[in-house]
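Trainee: Just dropping this structure here.
The values are calculated or read from the model by the stated rules, or taken from the named source; none is laboratory data. Just so you know, these numbers come straight off a predicted model, no measurement behind them. No Cβ is skipped: glycine too gets one built from the backbone with ideal geometry, and neighbour counts run over all protein chains shown.
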Amino acid sequence: MIYDMSTHIGAKPGEIAERVLMPGDPLRAKWIAETYLEDATCYSTVRNMFGFSGRYQGVDVSVQGSGMGMPSCSIYAHELINEYGAKTLIRVGSCGALTESLKLRDVIAASASSTDSAMNRMRFDGLIDYAPVADFFLLRAAVEAAERRGVEMHVGPILAADAFYTDRPHLYDTLADYGVLAVEMESAALYTIAMRFKARALTLLTVSDHFKTGEHTSAQEREQTFGQMVEIALDAAIS
């Protein structure tokens, strides 16, 4: 059922496209809309979590900020799918690299998302470690888009962490030993919500920080660069 306005987005019916990019930072949403979408209009300023709709290569696309962390991302993913009919959600975010095979500004496609959050354990009465994964066809479309654009994109599992600052950094070394590429804070929730409600989801990330080298990007770079990731996401969304 499509309601007039959702609690946290507040857009009118028909204002949000079936294909939605989801940056965590609402200012990155604004930058993406202004840089890549034709005739972009703002449909939401609720809590300053901006949302925009426009067209990319003639196809309707929306960009919705989702905030930081899995609770916030879950709210926006749930409302986009269930109250606005979104079918394709692609997170475009930043991450911290866990392995020396990655360098600053590399692009990652998250095939799966481990987590230290209890959200999914609670969904399954504490009995099952649910394994949320990316939509295969979106993942394949992103890989093909990266190849066309000549971007070396890394594909593999990531960690969605509940806490930005950790007391157990040694666990990141263990995760890297098991093939986990990077850490961020949203994707396990995004993949779970999408799978629950029969939508497609993918996470694309740009390395903004590196746990091995200590390198990091600036706040402005995280807001207004990372163009390769966004272009791949848009190509995959309309494929």
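Trainee: Can you tell which of VAL143, VAL230 is at pLDDT 95 or above and farther than 13 Å from ILE90 by Cα?
Mentor: Answer to the selection: VAL143.
Trainee: How many of the residues in the stretch 87-101 are outside any strand (DSSP E or B) and surrounded by 21 or more Cβ atoms within 10 Å (Cβ to Cβ)?
Mentor: Going through the stretch 87-101 one residue at a time, the tally reaches 1.
Trainee: Which of the numbered conditions does PHE197 fail, given that it passes all the others? Conditions: (1) surrounded by 21 or more Cβ atoms within 10 Å (Cβ to Cβ); (2) touching a His at 6+ places or on another chain (Cβ under 9 Å); (3) of a type in the set (A, V, I, L, M, F, W, C).
Mentor: Of (1) surrounded by 21 or more Cβ atoms within 10 Å (Cβ to Cβ); (2) touching a His at 6+ places or on another chain (Cβ under 9 Å); (3) of a type in the set (A, V, I, L, M, F, W, C), only one is false for PHE197: (1).
Trainee: Among the residues in the stretch 51-62, are any in contact with a Cys (Cβ under 6 Å, 6 or more places away or on another chain) and among the hydrophobic types (A, V, I, L, M, F, W, C)?
Mentor: yes
Trainee: Residue by residue through the stretch 44-80, note down the ones that are assigned to a helix (DSSP H, G or I) and closer than 15 Å to ASP162 by Cα.
Mentor: MET70, PRO71, SER72, CYS73, SER74
Trainee: To continue, here is another question. Pick from ARG222, ARG168: which is of a type in the set (D, E, K, R), at pLDDT below 95, closer than 19 Å to GLY67 by Cβ and not in a strand (DSSP E or B)?
Mentor: ARG222
Trainee: Filter the stretch 105-136 down to the residues that are assigned to a loop (DSSP other than H, G, I, E, B), under 18 Å from the mean Cα position of the chain (by Cα) and of a type outside the set (Asp, Glu), then identify the one that is surrounded by the most Cβ atoms within 10 Å (Cβ to Cβ).
Mentor: Result: ALA134.
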